[in-house]
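Q: Dropping the structure in here first, questions after.
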Amino acid sequence: MAEVQAVAAEVEMLQRMYAAFNQRDIETLLAAMQDDVDWPNGMEGGRVLGKVAVRDYWKRQFEVLDPNVEPTRFTKEADGRIAIAVHQVVHDKSGKLVVDQMVQHVYEFRDGLIQHMEIVLAGDV
């Protein structure tokens, strides 16, 4: 029962995080992460480590892109991670559509906070 409650709490937190991301509320997002979070740099490639690096990455991203992400399905993986099917729509600042696709975000938690996130393209799922 405790595991079910933990997963429910993680899913609720992730739902709030997607809403915060779409509102560009970076500080709310960072509050849900471990200080040494390991995060994908979906715009430039590679990974960023730590909250400061994630904040800087998102600031750069939001200066040139207008992304919107909507979770459509949450799944608990066998290893305990939470996988989310996400509809991702990204426009540039002039309004031109850059991408409209389904991706999968996979989250690993430590002590109730996000430790690691991966982006998997829908064709790779």
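Q: Stretched out fully, how many nm does the piece from residue 49 to residue 76 gain, at 0.36 nm a residue minus the Cα gap? List each step's numbers first, then the result.
A: Working: separation 27, 0.36 × 27 = 9.72 nm, distance 2.43 nm.
So the chain would gain 7.3 nm between residue 49 and residue 76.
Q: At a Cα cut-off below 25 Å, give the lysines reachable from residue 96, other chains included and same-chain residues fewer than 8 away excluded.
A: List returned: 59.
Q: Label residue 111 and residue 23 with points 7 Å out from Cα along Cα→Cβ: what is the distance between them in nm?
A: For the pair residue 111/residue 23, the computed spacing is 2.7 nm.
Q: Nearest 0.05, what FRET efficiency do residue 35 and residue 62 give at R0 = 25 Å with Cβ-Cβ as r?
A: Working: r = 22 Å, r/R0 = 0.88.
Calculated transfer efficiency: 0.70.
Q: Mind checking the angle between helix 2-22 and the chain's longest principal axis? C-alpha axes, 0 to 90 degrees, to the nearest 10.
A: Taking Cα atoms only, the helix is inclined about 10 degrees.
Q: Could you give the alpha-carbon Rg of the chain over 2.2 N^0.38 Å, rounded to two decimals? Spell out each step's value before the answer.
A: On the way: Rg = 14.2 Å, N = 125, 2.2 N^0.38 = 13.8 Å.
After normalising by residue count via 2.2 N^0.38 Å, the value is 1.03.
Q: Working from the alpha-carbon coordinates of region 30-104, get Rg over Rh, Rh being the Kirkwood radius. Spell out each step's value before the answer.
A: Details: Rg = 13.8 Å, Rh = 13.8 Å.
Radius of gyration relative to Kirkwood radius: 1.00.
Q: Run the numbers on the chain and let me know its relative contact order in percent, using alpha-carbon pairs under 8 Å that are six or more apart.
A: Values: 200 pairs, mean separation 25.4, N = 125.
Computed over the chain, the figure is 20 percent.
Q: Okay, moving on. If you keep only loop residues by DSSP, which trypsin sites (Lys or Arg not before Pro) in region 38-115 have at most 15 other Cβ atoms within 10 Å of their Cβ? Spell out each step's value before the answer.
A: Numbers: sites: 47, 51, 55, 59, 60, 73, 76, 81, 93, 96, 110; in loops: 81, 93, 96.
Passing both the DSSP loop test and the Cβ count: 93, 96.
Q: Still on this model: With all protein chains present, how much of the accessible area of the chain (probe radius 1.4 Å) comes from carbon and sulfur, to the nearest whole percent? Don't skip to the end; give the middle numbers.
A: Details: 3580 of 6910 Å².
C and S fraction of accessible area: 52 percent.
Q: Expressed as a whole number of Å, what is the distance separating the alpha-carbon centroids of region 66-99 and region 8-28?
A: Region 8-28 and region 66-99 have Cα centres spaced 12 Å from each other.
The values are calculated or read from the model by the stated rules, or taken from the named source; none is laboratory data. Please read all numbers here as calculations on a predicted model, not as lab measurements. Methodologically, a virtual Cβ is constructed for each residue, glycine included, from the backbone with ideal geometry; neighbour enumeration extends over all protein chains shown. The area values use the complete protein model at the heavy-atom level, side chains included, leaving out ligands, DNA and RNA. Shrake-Rupley method; radii C 1.70, N 1.55, O 1.52, S 1.80 Å.
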